[in-house]
Amino acid sequence: MSNCIQYALQDLYRDQPRDYVIDAIPSLLAWITRQSASVQPAGACDFAVDWRGETAGVALHLNLKIIWDIDRLVSEDQCLLDRVRRLKTGKTVDREHVTENAAYGLAFVAISTFLPGQKVMSMRLGLPPDILFDVTPNALRGVEVAGRTSGGRYALNRVQSGDGSKENPGKESQLRLRVDIAEAYLSLWCNTPSIGSLQKVKP
């Protein structure tokens, strides 16, 4: 696998179900273009990503370049630019969920890139993993997702491994302990700096 991977955001409409993609892309664009007042017609954002496809495997350190074509995105969602504008200015009830929904969008990109052929079948409410691509009872397969605005590797490691307390055991431990989950990945993302990971944590 090349150390530099490019993914066109508009391809999510081909790779994953529209119902999930159309709600994630506005937050993702607002999040990754945080330094500008608007979204350029064509743009790119680079994430330094760790990808580990086997539980005990060695992580690959990759550059994931996400590119977009606004005309093609707007052809799928005519309200896109207005939704991005409202997210950037906070004029929406979703203003507190931009990071969360952007992380879902990045997880969709990661699934499409590193687990080609896997499709989001369902999203769970209140139980891990967040995203399911196999809903077989007591043999669930999917991806748990988290995003942080800042904090880099330290913040993502805290999400993954917790702080050693019973109150915060970390998402990796929670996934491993659930007997209803057969296979699980962690998808973690940080905005500043722009880093992320997709790691298999079970089995």
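Looking across the range 132-161, the residues that are in contact with an Asp or Glu (Cβ under 8 Å, 6 or more places away or on another chain) and not hydroxyl-bearing (Ser, Thr, Tyr) come down to Asp134, Pro137, Asn138, Ala139, Leu140, Arg141, Gly142, Val143, Glu144, Val145, Gly147, Gln160.
Here Ser173 fulfils each of the conditions (1) in a helix (DSSP H, G or I); (2) buried (at least 21 other Cβ atoms within 10 Å of the Cβ) apart from (2).
Going by what's in this entry, would Lys119 be described as more than 17 Å from Leu28 (Cβ to Cβ), more than 15 Å from the chain's Cα centre (by Cα) and not in a helix (DSSP H, G or I)? Before you say what the answer is, go through the steps one by one.
On the way: more than 17 Å from Leu28 (Cβ to Cβ): yes; more than 15 Å from the chain's Cα centre (by Cα): no; not in a helix (DSSP H, G or I): yes.
For Lys119, the condition - more than 17 Å from Leu28 (Cβ to Cβ), more than 15 Å from the chain's Cα centre (by Cα) and not in a helix (DSSP H, G or I) - is not met.
Can you tell me which of (1) open to solvent by 80 Å² or more (accessible area, probe 1.4 Å); (2) in contact with a helix residue (DSSP H, G or I) (Cβ under 9 Å, 6 or more places away or on another chain); (3) under 26 Å from Leu62 (Cβ atoms) is the one Leu73 doesn't meet? It is condition (1) that Leu73 fails.
Please go through the range 7-27 and pick out each residue that is more than 17 Å from Trp189 (Cα to Cα) and in a strand (DSSP E or B). Within the range 7-27, just Ala8 meets the criteria. Look at the range 92-121: where a residue is farther than 18 Å from Val135 by Cα and open to solvent by less than 10 Å² (accessible area, probe 1.4 Å) and a partner is assigned to a helix (DSSP H, G or I) and of a type in the set (A, V, I, L, M), sitting 6+ places away or on another chain with Cβ atoms under 7 Å, you get Ala102/Leu28; Gly105/Ala24; Gly105/Ile25; Gly105/Leu28; Leu106/Leu28; Val109/Leu12. Can you tell me which residue in the range 54-86 is farthest from Ser150 (Cα to Cα), limited to those that are in contact with a Leu (Cβ under 8 Å, 6 or more places away or on another chain) and outside any strand (DSSP E or B)? Top of the filtered list is Val74.
The set of residues in the range 9-30 that are crowded, with 17+ Cβ neighbours inside 10 Å, over 20 Å from Leu87 (Cα atoms) and not acidic (Asp, Glu) comprises Leu12, Tyr13, Gln16.
Checking the condition closer than 20 Å to Arg153 by Cα and either among the acidic types (Asp, Glu) or in a helix (DSSP H, G or I) (or both), which residue from Ala102, Ala48, Ala30 passes? Reasoning before the result, please.
Values: Ala48 fails: either among the acidic types (Asp, Glu) or in a helix (DSSP H, G or I) (or both); Ala30 fails: closer than 20 Å to Arg153 by Cα.
Testing whether each residue is closer than 20 Å to Arg153 by Cα and either among the acidic types (Asp, Glu) or in a helix (DSSP H, G or I) (or both) leaves just Ala102.
The values are calculated or read from the model by the stated rules, or taken from the named source; none is laboratory data. Quantities reported herein were computed from a predicted structural model and do not represent experimental measurements. Neighbour counts run over all protein chains shown; Cβ positions are idealised from the backbone, glycine included. Please note that ligands, DNA and RNA were not included when accessible areas were found on the heavy atoms of the full protein model with its side chains. Shrake-Rupley method; radii C 1.70, N 1.55, O 1.52, S 1.80 Å.
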